[in-house]
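Data first, discussion second: the structure below is written as structure tokens.
The values are calculated or read from the model by the stated rules, or taken from the named source; none is laboratory data. Quick caveat: nothing in here was measured; it's all calculated off a predicted structure. For neighbour counting, all protein chains shown are included, and Cβ atoms are generated from backbone atoms with ideal geometry for every residue, glycine included.
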Amino acid sequence: EAKAKGRNTFHFYSQELNAAANERLFIENELRIGLKEKQFVVYYQPQVDSRTHQVIGYEALLRWFHPTEGAIPPDKFIPIAEATGLIVELGEWVLQESCDFAVRLTKQGLENNISINLSARQFKDSSLVSTLSKMIIRTGVSAKRLHLELTESMLMGNVEAAITQLHELKALGISISIDDFGTGYSSLSYLKRFPVDILKIDRSFVKDIPEDTNDMEITAAIIAMAQKLKLDVVAEGVETIEQMQFLQNNNCFIVQGYYFSKPIAEHELPKLYERLNELSNSEVSS
Ligand code: C2E
Ligand code: MG
Ligand code: MG
Ligand code: MG
């Protein structure tokens, strides 16, 4: 009885493992095809000054519209692209798209920043700086509008190499942003050594404001620390007016989240501007 049960359990797990392995293999193959067949699109989520409703910048977020599977979320395919090395090509494409987008905005008189997520592999790549430098020259984008989002864990492995890479990126004029801040290694003592410009407060601290007093304390502490270190701070995952007001009261004014907009395709920008206008009117009159 126990033996039979054990065997069944093993069988069950091995089937699950198989399914997971098959899915990985499927995604890996489809990623290569998808790249060739242009199934990817970059969406943009605005970072808004909550006092004025001006768009300060956009975060570039990769979207994959697969012909039979539909939309495959980044959390599902980025890790596989990272493990197989395909992220380098995919990431370079995102960088190119984002630069082109920034240049199109400039032609409309808009000087918004563009934040681009880098994977660990891309950040470690010794050709990243020359790739970016060529791209900046080719597209004519102003480097100071490019922000690269890194996570704490990407900086922690080889600290000296990370610092060198950051200095080279900064020498191009690019800004560095720490994504998902507070969720990785506690890098408080390192923070001063890394030449970073922006902290992005992770959504996990924002989402339960104003119910969770611990999260409120942590969020307020991150903002205060960022100010002391003269870093800009952006809050991600802001969904409600209460969250936005809490952040404002604690001196964090740049917010990104569904309250203002989900990530959108470029052609949806006019609708975004309309919504921001409407919000200005309704917040003033409420
Ligand atoms: P992230 O960089 O932390 O991006 C923020 C994620 O939070 C995005 O998910 C965004 O759609 C979501 N989000 C923003 N505001 C809200 C909100 O108010 N409520 C909720 N529930 N969610 C919100 P997304 O687009 O699914 O991306 C997930 C992750 O995938 C990103 O997290 C990033 O780590 C990675 N990723 C996306 N695009 C790229 C890329 O081009 N390159 C790399 N290396 N990673 C990427
Ligand atoms: Mg990000
Ligand atoms: Mg983030
Ligand atoms: Mg996050």
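Applying the condition of being more than 18 Å from the chain's Cα centre (by Cα) and exposed (fewer than 15 other Cβ atoms within 10 Å of the Cβ) to region 81-99 and asking which residue is farthest from ligand 3 (Cβ to nearest atom) yields Gly85.
For region 239-265, a residue qualifies if it is outside any helix (DSSP H, G or I), under 18 Å from Glu278 (Cα atoms) and free of Cβ contacts under 8 Å to residues at least 40 places away in the same chain, and the qualifying residues are Glu239, Thr240, Tyr258, Tyr259. Filtering Lys271, Lys228, Lys262, Lys200 for residues that are under 27 Å from Ser98 (Cα atoms), basic (Lys, Arg) and more than 16 Å from ligand 2 (Cβ to nearest atom) leaves a single hit, Lys271. Among the residues making up region 154-206, those that are in a helix (DSSP H, G or I), more than 13 Å from ligand 1 (Cβ to nearest atom) and small (Gly, Ala, Ser) are Ala161, Ala162, Ala171, Ser189. Which of the residues belonging to region 98-153 are within 16 Å of ligand 4 (Cβ to nearest atom) and at positive phi? Result: no residue meets the conditions.
Among the residues of region 161-188, which ones are among the charged types (D, E, K, R) and at pLDDT 95 or above? The answer is Glu168, Lys170, Asp179.
Within region 173-186, if we keep just the residues that are under 21 Å from Lys144 (Cβ atoms) and surrounded by 15 or more Cβ atoms within 10 Å (Cβ to Cβ), the residue that is farthest from ligand 3 (Cβ to nearest atom) turns out to be Ile174. Return yes when Arg121 is of a type in the set (Lys, Arg) and either out of contact with any strand residue (DSSP E or B) (no Cβ under 6 Å at 6 or more places or on another chain) or buried (at least 16 other Cβ atoms within 10 Å of the Cβ) (or both) and no when it is not. Yes: the conditions hold for Arg121. Annotation: Ala224 fulfils all but one of (1) of a type in the set (A, V, I, L, M, F, W, C); (2) buried (at least 18 other Cβ atoms within 10 Å of the Cβ); (3) out of contact with any helix residue (DSSP H, G or I) (no Cβ under 8 Å at 6 or more places or on another chain); the unmet one is (2). Is it the case that some residue within region 140-149 is within 16 Å of ligand 2 (Cβ to nearest atom), touching an Asp or Glu at 6+ places or on another chain (Cβ under 7 Å), under 20 Å from Leu62 (Cα atoms) and among the acidic types (Asp, Glu)? Yes: region 140-149 contains one or more residues that are within 16 Å of ligand 2 (Cβ to nearest atom), touching an Asp or Glu at 6+ places or on another chain (Cβ under 7 Å), under 20 Å from Leu62 (Cα atoms) and among the acidic types (Asp, Glu).
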